[in-house]
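J.: Once you've had a glance at the structure underneath, I'll fire off some questions.
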Amino acid sequence: MNPEATLEEARDQIDSCADHAALKEVERHYLGRKGVVAAALAGIGALPPEQRKQAGQGANRVKQAIQELVDARAEVLDAAALESERSGAGFDPSLPPARLETGSLHPITQVTRELEDLFLSMGYAVLDGPEVELDHYNFEALNIPKDHPARDSHDTFFCDDDGGLVMRTHTSPVQVRAMEQLEPPFRVIAPGRCFRQETTDASHDHTFYQMEGMVVGRDISVGHLIGAMRTLLRGIFERDLDVRLRPGYFPFVEPGFELDARCPFCEDGCSVCKRTTWIELLPCGLVHPNVLSAGGIDPEKWSGFAFGLGLSRLAMLRYGIDDVRHLFGGDLRFLEQF
Ligand code: DAH
């Protein structure tokens, strides 16, 4: 190889490269594993000993010089590309814009926001509570002491060895936190995520949403409770629906009820109401005096009602979703429908 001639020839080729692909090609031709320089270096061993040093130095000089030329040319090409982009070349203002994918709110979010608006309009405050909760708030202060059988039905995820910290199994602990922070009279709702160690099926999931409600005031009665629930139903289903109370047991209310509403989807029985014309809406009741005391409120002076609405279930009812697992599957084919 004649170093000077090779370098000259390479310079011409590099300078005439119009894009990176052509430049890569030239670079490979000279500097590649089977390129001109590699061949020259490989041939050195066959030269007479006194020529080897000079030939080696020459080849290495050529190699370095070509690499510098290639790098410089690449910079020139980059600058030119940037310049042409800036000048607007190749921009076609008549093309339609790329479609903006805006997405939509999750059905649970939609139901939650609607209910928040409804309750805000009735003078309720919206509260939040921790999802990892102290045993005290999740159970103890709700009149569910350590050995109480009601604990069994809660299928609790425990977060530490002595069970002092749990994934909250319901939103009811926010009742106690509200009582500690607010002066009665007050009205609050607390929507949020809850967790239970459930065997997952079409109607159970380990993660689900509830919305707690609590009103504390003077002489609060079951009548107030029914009135509030009828308003809730009107808000959700946009018409008046009859309600009925059945006795229900929850340690934190006395009396406690299961509140049913007339099925909003039929007159004389359908698959949603399992042909009964009633749908189970929510459990509720008058706040147990022990719970008021645990929240620092004098049960002699104040009384209240509370309810626990299953938001996942409500969203399913509302949108006709037949399997709770769809809600958290993250499948866009499902989510795009809302
Ligand atoms: N916290 C209960 C549960 O998840 C539901 C509940 C029942 C809430 C009665 C209430 C209530 O506020 O009054 O099983």
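J.: Using the Cα centre as the reference, give the magnitude of the dipole from point charges on the C-beta atoms of segment 3-87 (Lys, Arg: +1; Asp, Glu: -1; all else neutral), rounded to the nearest 20 debye. Don't jump to the answer; show the numbers that get you there.
T.: On the way: 11 positive and 15 negative charges, 123 e Å.
Dipole magnitude for segment 3-87 comes out near 600 debye.
J.: Take the alpha-carbon centre of segment 144-161, take the same for segment 107-140, and report the distance between them in whole Å.
T.: With segment 144-161 and segment 107-140 each reduced to a Cα centre, they are spaced 22 Å.
J.: Taking the square root of 5 times each eigenvalue of the Cα gyration tensor, what semi-axes in Å does the equivalent ellipsoid of segment 85-130 have, largest first?
T.: On the way: eigenvalues 434, 30, 23 Å².
Whole-Å semi-axes of the equivalent ellipsoid: 47, 12, 11.
J.: Let me ask something else about it. Pick from Asp162, Asp260, Asp135 the residue whose mean-square fluctuation is largest in a GNM of the chain, springs joining Cα atoms under 10 Å.
T.: In this elastic network of the chain, the residue with the biggest mean-square fluctuation among Asp162, Asp260, Asp135 is Asp162.
J.: Taking every pair of Cα atoms in segment 224-338, average 1/r, invert it to obtain the Kirkwood radius, and report Rg/Rh to two decimals.
T.: Details: Rg = 17.0 Å, Rh = 16.0 Å.
Dividing the radius of gyration by the Kirkwood radius yields 1.06.
J.: Let me ask another. Which listed residue (Ala315, Val176, Gly192) has the Cα farthest towards the positive end of the charge dipole for the chain, taking +1 on Lys and Arg C-beta and -1 on Asp and Glu C-beta about the Cα centre?
T.: Of the options given, the answer is Ala315.
J.: Express in whole angstrom the spacing between the alpha-carbon centres of segment 193-216 and segment 1-58.
T.: Rounded to whole Å, the Cα centres lie 73 Å apart.
J.: Here's something else I'd like to know. Quote the relative contact order of the chain in percent (integer), defining contacts as alpha-carbon pairs under 8 Å separated by 6+ residues.
T.: On the way: 516 pairs, mean separation 50.0, N = 338.
Relative contact order comes out at 15 percent.
J.: Now a separate question. Relative contact order for segment 3-87 using alpha-carbon pairs under 8 Å, separation at least 6, rounded to a whole percent? Could you put the intermediate results ahead of the total?
T.: Details: 56 pairs, mean separation 32.9, N = 85.
Relative contact order for segment 3-87 comes out at 39 percent.
J.: Right, something else. To the nearest 20 debye, what is the magnitude of the charge dipole of segment 107-335 about its Cα centre, counting +1 on the Cβ of each Lys and Arg and -1 on the Cβ of each Asp and Glu? Don't skip to the end; give the middle numbers.
T.: Values: 22 positive and 35 negative charges, 150 e Å.
That gives a dipole near 720 debye.
J.: Write down the radius of gyration of segment 40-160 and its Dmax, each obtained from C-alpha positions, in Å.
T.: When restricted to the Cα atoms of segment 40-160, Rg and Dmax are 37.7, 102 Å.
J.: Build a GNM of the chain with springs between Cα atoms under 10 Å: which of Phe237, Phe139, Phe119 gets the top mean-square fluctuation?
T.: Phe237
J.: While we're here: If you plug each phi of segment 154-159 into the Karplus form 6.51 cos²θ - 1.76 cosθ + 1.60 with θ = phi - 60°, what whole-Hz ³J(HN,Hα) values come out, in order, with x for Gly and Pro?
T.: 8, 6, 6, 8, 8, 9
J.: Could you put Leu41, Leu100 in order, starting from the residue whose Cβ has the fewest other Cβ atoms within 10 Å?
T.: Working: Leu41 16, Leu100 6.
Fewest-to-most ranking of Leu41, Leu100: Leu100, Leu41.
J.: A follow-up question, please. Starting with the fewest neighbours, write out Thr276, Thr112 ranked by other beta-carbon atoms found within 10 Å of each beta-carbon.
T.: Values: Thr276 12, Thr112 21.
Fewest-to-most Cβ neighbours within 10 Å comes out as Thr276, Thr112.
J.: What number of lysine-lysine pairs in the chain show an alpha-carbon separation below 30 angstrom, given a sequence spacing of 8 or more or placement on distinct chains? Let's see the in-between values first.
T.: Values: Lys24/Lys34; Lys24/Lys53; Lys24/Lys63; Lys34/Lys53; Lys34/Lys63; Lys53/Lys63; Lys146/Lys301.
Count of close lysine pairs: 7.
J.: Please list the non-local residues whose amide H lies under 5 Å from the amide H of Leu282, H modeled 1.01 Å from N, same-chain partners needing a gap of 5 or more.
T.: Result for Leu282 returns Leu259.
J.: Here's something else I'd like to know. Given all pairs of different Cα atoms, what value in angstroms does the Kirkwood hydrodynamic radius of segment 255-320 take? Before the final figure, lay out the partial values.
T.: Working: mean 1/r = 0.0721 Å⁻¹.
With all distinct Cα pairs of segment 255-320 included, I get 13.9 Å.
J.: From the mean inverse distance of alpha carbon pairs (Kirkwood) and the Cα radius of gyration, derive Rg over Rh for segment 3-87.
T.: 1.11
J.: With unit charges on the beta carbons (Lys and Arg positive, Asp and Glu negative) and the dipole taken about the Cα centre of segment 1-134, which residue among Gly123, Leu23, Gly88 sits farthest to the positive side?
T.: Positive-most Cα among the choices belongs to Leu23.
J.: With an 8 Å cut-off on Cα pairs and a minimum separation of 6 or more residues, tell me the relative contact order of segment 219-318 in percent. Mind dumping the intermediate values first?
T.: Details: 159 pairs, mean separation 25.0, N = 100.
So the answer I get is 25 percent.
J.: For the chain, modelled as a GNM with alpha-carbon contacts under 10 angstrom, which of Arg86, Arg196, Arg239 fluctuates the most?
T.: Result for the chain, Cα springs under 10 Å: Arg86 fluctuates most.
J.: ³J(HN,Hα) across segment 99-107 via Karplus (A = 6.51, B = -1.76, C = 1.60, θ = phi - 60°), whole Hz, x for Gly/Pro?
T.: In residue order, the calculated couplings are 5, 8, 8, 9, x, 8, 7, 4, x Hz.
J.: Using only the alpha carbons of the chain, determine the length spanned along each of the three principal axes and report them from longest to shortest in whole angstroms.
T.: 111, 56, 39
J.: Karplus couplings for segment 256-266 from phi (6.51 cos²θ - 1.76 cosθ + 1.60, θ = phi - 60°), rounded to Hz, Gly and Pro as x?
T.: x, 9, 9, 9, 10, 10, 4, 4, x, 9, 8
J.: Same structure again: In the chain, what cysteines have no partner Cβ closer than 4.7 Å?
T.: When partners are defined as cysteine Cβ atoms under 4.7 Å apart, the chain leaves Cys17, Cys159, Cys194, Cys284 without one.
J.: Against the longest alpha carbon principal axis of the chain, how many degrees, from 0 to 90 and to the nearest 10, is the axis of helix 3-15 turned?
T.: Here the helix axis deviates by roughly 40 degrees.
J.: Further question on the same structure: How large are Rg and Dmax for segment 179-234 when calculated on the C-alpha trace, in angstrom?
T.: 15.3, 43
Only the coordinates and a few stated rules stand behind these numbers; no lab work does. This is a predicted model, so every value here is computed, not measured. In this analysis, Cβ positions are derived from the backbone assuming ideal geometry, glycine residues included, and neighbour counts consider all displayed protein chains.
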